[in-house]
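Working notes, structure below.
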Amino acid sequence: MQKEGIVKKKWIIWGGLVTLILVLVISAWNIINNNLNSVILNIMVTPSSAKVMLGDKELGTSGEYRVRPGEYRLEVSGEGFVTETREMTLNENDVKDIWLYLLPTEENSEYYANNPEDGLLLGEIRSRETEEKLQDVIAKNPILNELPIEIEYYTANYEKYIKYSISYGLDEDTNEFVIVVTDYTGGNYENAKQKLAARGFDLDEYTIKYVDVTSESEEGKAF
């Protein structure tokens, strides 16, 4: 009887160990499978008090998150801010950055000025947004790699100066892509157009912002 009791206990112990091993294996497989097929979201949102909802799942305002592929509605909201919503399709093994800021309401217009940490983050997100937009435009218009251009001249004393320069960027007022002609000596607007045309630019496709430093005035011209 004692021997039978010992054998029974051994079987119980072995059975428990086998069950535990199976549970661990299944759990590990589920974790690996989810990681292999999941979407990685890198989130950075300001203000830090915002509520970030991806479908019915609440996420934080910063950090890395793993979610399942699918169609989602992203909603970021906060008291005193304009709610931002985006429809998103997340595919298997995607890695997606979500850098987003909320605009304050009129009553809360000084929020970022009064909260320097969130204000600093706002600047970082805007800079990233600007860079991404510029890179997207450049990818679609490889000819922009011809810029910037600086046209120089020399004085009788062999001193070098810049007559005008041609670059590109986002307009501060409209946030639209523009080619910028900065004129340091005056009267070079037409020369700049000819220079662009000679480099292969189709002038009908771009908005050119002309900045005449000599007159301290700016003129935006589309042609």
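Each value in this text was obtained by applying a stated rule to the coordinates, not by laboratory testing. Keep in mind that this is a model prediction, so the values were computed, not measured. Quick reminder, even Gly has a Cβ in these numbers, built from the backbone with ideal geometry, and neighbours come from all protein chains shown.
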Legend entry - Residues with amide H under 5 Å from that of TYR168, placed H, sequence gap 5 or more: VAL180
Legend entry - Full-stretch length increase - ARG126, ARG73 - with 0.36 nm per residue and alpha-carbon distance subtracted: 16.8 nm
Legend entry - Cβ-Cβ FRET estimate between ALA197 and GLU176, R0 fixed at 25 Å, reported to 0.05: 0.70
Legend entry - Projected label distance in nm at ILE162 and THR185, using a 7 Å step from Cα toward the beta-carbon: 1.4
Legend entry - Members of LYS51/LYS133; LYS140/LYS193; LYS96/LYS133; LYS57/LYS96 lying beyond 19 Å, as alpha-carbon distances in this model show: LYS51/LYS133; LYS140/LYS193
Inset, instruction - Express in nm, to one decimal, how much length is gained between ASN93 and ILE143 on full extension, taking 0.36 nm for each residue of separation and deducting their alpha carbon distance. - result: 14.7 nm
Inset, instruction - May I ask you to list the chymotrypsin sites (Phe, Trp or Tyr not before Pro) in region 156-212 that are in a DSSP loop and have at most 10 other Cβ atoms within 10 Å of their Cβ? - result: TYR158
Inset, instruction - Name the long-range amide H neighbours of LEU102: under 5 Å, sequence gap of 5 or more, or other chain; modelled H, no Pro or chain starts. - result: THR46
Legend entry - Label-point gap, in nm, between ASP56 and GLU106 - each point 7 angstrom along Cα→Cβ: 3.8
